[in-house]
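As structure tokens, the structure follows; a few thoughts come after it.
Bear in mind that the values in this text are calculations on the coordinates, not laboratory data. If you're wondering where the values come from, they're calculated on a predicted model, not measured in any experiment. For neighbour counting, all protein chains shown are included, and Cβ atoms are generated from backbone atoms with ideal geometry for every residue, glycine included.
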Amino acid sequence: MPNPKRRHSKARTSKRRAHDALTSTGLSECPNCHERKLPHRACAKCGSYKGREVLEVKEAN
Amino acid sequence: MRHRNAGFKLGRNTSHRRALLRNLVTSIVLEDRVETTITKAKAVRPHVEKMITLGKKGDVHSRRQALAFLQTREAVTRLFDTVAPRYGDRNGGYLRIVRTGFQKGDGAEKAFIELLGAEAVLDEKRQKRAEVREKKREELQKALAEQQQQAGEEPQA
């Protein structure tokens, strides 16, 4: 079986990982409750979208 | 050219897919709003619109065509009597799809698809459901309180 001939340096590892960063999700603000929400989706917090469209939001008991 | 216009297969064979879409269309016509995955919502939209077009025509032939697609007679009646008349002056675009979140388990994106002009009915329905839930909760609390009282009395006697 083929095997690595030489040890991989830490620098090499970090150089490879330099491009592995994740981008953060773009979030928009809910105009109703000012919570951060995903754009083009109903707000999970208050259930509103475009003024209306209230979904059933479970209240914490 | 209809390149890259493949549509949605939904991981099903033809008959399974047709059955699913017919069921969904029937549910939308009957309930005004259905919660499903975003892909299914997008896939049923054209079918619902075709049904509404039939409903707007309103003749016997289109009624039979609707009967051939929709699963129940009640759905056809509702389509022709209450749904289609809402859209007299509108050429298509009878539905609204709103993304609502992600499904637990497989992470599929959920959305609801609803008929335009059904907002008032839906709000009313929601209010009624909320009232029923409130009543149930109160009754439960009452029952719980009674149980606790009984449990409290027994050890004394």
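With a ≥ b ≥ c taken as the square roots of the eigenvalues of the C-alpha gyration tensor of segment B:5-92, please select rounded if a/c is under 1.5 and otherwise prolate if a/b is larger than b/c or oblate if it is not?
Since a/c reaches 1.5 and a/b is larger than b/c, the shape of segment B:5-92 is classed as prolate.
What is the fewest-to-most order of B:Arg126, B:Arg78 by other Cβ atoms lying within 10 Å of their Cβ?
The most exposed by this proxy come first: B:Arg126, B:Arg78.
Would you work out if chain B is rounded, prolate or oblate? Take a ≥ b ≥ c from the square roots of the eigenvalues of the alpha-carbon gyration tensor; rounded if a/c is under 1.5, else prolate when a/b is larger than b/c, oblate otherwise.
Judged from the Cα gyration tensor, chain B comes out prolate (a/c at least 1.5, a/b above b/c).
Could you run the Karplus curve 6.51 cos²θ - 1.76 cosθ + 1.60 with θ = phi - 60° over segment B:19-33 and give me ³J(HN,Hα) per residue in whole Hz, x for Gly and Pro?
Going residue by residue, I get 5, 4, 5, 5, 4, 5, 4, 4, 5, 5, 4, 7, 10, 6, 9 Hz, with x marking Gly and Pro.
If you restrict to DSSP beta bridges whose two residues both lie in segment B:1-141, what percentage is antiparallel, to the nearest 5?
Percent antiparallel among DSSP bridges in segment B:1-141 is about 100.
Calculate the mean, over all residues of peptide A:40-52, of how many other protein chain Cβ atoms lie within 10 angstrom of the residue's Cβ.
Counting Cβ atoms of other protein chains within 10 Å of each residue's Cβ and averaging gives 3.
Where does each of B:Ile113, B:Ile38 land when they are ranked from fewest to most other beta-carbon atoms within 10 angstrom?
Fewest-to-most Cβ neighbours within 10 Å comes out as B:Ile38, B:Ile113.
Mind running the shape call on the protein assembly as shown? Use the C-alpha gyration tensor, a ≥ b ≥ c as the square roots of the eigenvalues: rounded below 1.5 for a/c, prolate if a/b tops b/c, oblate otherwise.
oblate
Per residue of B:114-122, how many C-beta atoms from partner chains lie within 10 Å of its own C-beta, taken as a mean?
Counting Cβ atoms of other protein chains within 10 Å of each residue's Cβ and averaging gives 1.
Work out the FRET efficiency for B:Glu35 and B:Glu138 from their Cβ-Cβ distance, taking R0 = 35 Å, and round it to the nearest 0.05.
Efficiency for this residue pair is about 0.80.
Quick one: B:Thr53, B:Thr26, fewest Cβ neighbours within 10 Å first, how do they rank?
So the residues, fewest neighbours to most, are B:Thr53, B:Thr26.
Would you kindly derive the ³J(HN,Hα) couplings of segment B:96-104 from the backbone phi angles with the Karplus curve 6.51 cos²θ - 1.76 cosθ + 1.60 (θ = phi - 60°), listing them in order in whole Hz, with x for Gly and Pro?
10, 10, 10, 6, 10, x, 10, 7, 6
Too long at a 19 Å Cα-Cα cut-off: which of B:Lys40/B:Lys104; B:Lys9/B:Lys104; B:Lys104/B:Lys125; A:Lys45/B:Lys104; B:Lys9/B:Lys42; B:Lys40/B:Lys128?
B:Lys9/B:Lys104; B:Lys104/B:Lys125; B:Lys40/B:Lys128
Quick one: which residues, 5+ away or cross-chain, put their amide H under 5 Å from the amide H of B:Leu95? H built at 1.01 Å from N.
B:Leu116
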